[in-house]
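Beneath this line is the structure, given in structure tokens, with notes to follow.
Every number here is computed from the coordinates shown, using simple stated rules; none is lab data. For clarity, every value in this text was computed on a predicted model and none was experimentally measured.
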Amino acid sequence: MLKPLQSFGSLSIAAVLAAGLLLAGCKDSPDATGDKAAAASTPVSTAVIAAEAKGFVAGSQMSQRTVYVFFDAQCPHCAVLWQAAKPLKSQAKFVWIPVGILNAASTSQGATLLAAGDPVAAMDEHEASLQAGRGGISAAGSIDAQKDAVAKNTALMTRLGFSSIPSIVGTHAQTGALVTREGAMPTAALAALLGLQVPAGLPGAPIQ
């Protein structure tokens, strides 16, 4: 069974595998063990993610601060992080990278978001649909190329050794150090992780 969801938590890929929810063929691949061994020796790098992943930008397009987020369109914790990151969008460029972990809808919806003319608006529509219990956005037609991109994103996330979604990778705005985090968090904690300022009016913001 899946472990219980926790507020601002993460969804373990291991739990998904144990529940048999990963698409057939991925967990049963005879090369899976070798792939995971290779992943353990591959250091997390923003340069590798920038070169290999395909995602969409939410936030300041011109910002020199880039934050990468591996997410699954069916993951409730990813939805929490989507909302938490919004107040920080003026300070950083968040690149949302869809992966297909939970079920078939994960891949088709992630591909649909990549194919959208306005992925941010499509993501908002998707999350509103999920929250209303309608299952999210409908899959678009002719998204085979985007589905391939989601599959490659998923393989990259695995190679980098992440075991939960969402997974965050960025550099600290003040120190320049690489930062990673598996799991969602409220805005103030996300800002602290990335060295950003908590916007006025939010819990954790500096007193004026």
Once normalised by the length of segment 106-158, the mean sequence separation of its alpha carbon contacts under 8 Å that are 6 or more apart gives a contact order in percent of 46 percent
The answer for Gly195, listing residues at least 5 apart or on another chain whose modeled amide H is closer than 5 Å to its amide H, is Ala173
Length gained if Arg134 through Ala121 is fully extended, taking 0.36 nm per residue and subtracting the Cα-Cα distance, is 3.0 nm
Here segment 50-60 yields Karplus 3J(HN,Hα) values (6.51, -1.76, 1.60; θ = phi - 60°; whole Hz; Gly and Pro given as x) of 4, 7, 10, 8, 10, x, 10, 9, 10, x, 6
